[in-house]
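Engineer: Can you keep this structure in mind? I'll have questions shortly.
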Amino acid sequence: MGTGSDLECPACGEDDDLSGRGAPDGTITISCGRCSTSWERDPTPRCDRCEGDALEPALLAVVERSRGSQLSIVGTRTVHLCKACDAEVLAVYRTSRSPLMPDQLPDREQSLRPSPQPAGRPLSGR
């Protein structure tokens, strides 16, 4: 336990000793090795604000401070933006086709990778 996972057994709270098996319909049957409970999980991303599933993938830049005040994009990761809640951000992304910048940038003393955001989380200032 204590892995920081967002997936845990609904019966005993275990978040480490879990296994999953995919089904043809796209759901995943999760089994807990601790208490033998099984449940189904739908891996479809959903907006955390409107609970909608009309999401569009977008690339979010992973930035680090490279020299002095210079920032470098060292990678990207996929985030899912809600077509209803994030319409303005999606419009800019579709036009530019450049990775979105994270809300937080590294300060001079540390490199900061963007923290995971749930599906549909707004990117402020965009």
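Bear in mind that the values in this text are calculations on the coordinates, not laboratory data. Just so it is clear, the model here is predicted, and its values are computed rather than measured. Cβ sites come from the backbone with ideal geometry, for glycine too, and all protein chains shown count toward neighbours.
Engineer: Do we find a residue being out of contact with any helix residue (DSSP H, G or I) (no Cβ under 7 Å at 6 or more places or on another chain) and not in a loop (DSSP other than H, G, I, E, B) anywhere in region 3-12?
Structural biologist: Looking for residues that are out of contact with any helix residue (DSSP H, G or I) (no Cβ under 7 Å at 6 or more places or on another chain) and not in a loop (DSSP other than H, G, I, E, B), one finds none in region 3-12, hence no.
Engineer: Pull out all pairs, ordered by first then second residue, where Cβ-Cβ is under 6 Å, the residues are six or more apart or on different chains, the first lies in region 90-102 and is over 14 Å from Glu56 (Cα atoms), and the second is hydrophobic (A, V, I, L, M, F, W, C).
Structural biologist: Pairs found: Met101/Ala61.
Engineer: Pairs needed: first member in region 9-23, touching a residue at least 24 places away in the same chain (Cβ under 8 Å); second member anywhere, of a type in the set (Val, Ile, Thr) and part of a loop (DSSP other than H, G, I, E, B); C-beta distance under 8 Å; at least 6 residues apart or different chains.
Structural biologist: Filtered contacts from region 9-23: Cys9/Thr37; Pro10/Thr37; Ala11/Thr37; Cys12/Thr37.
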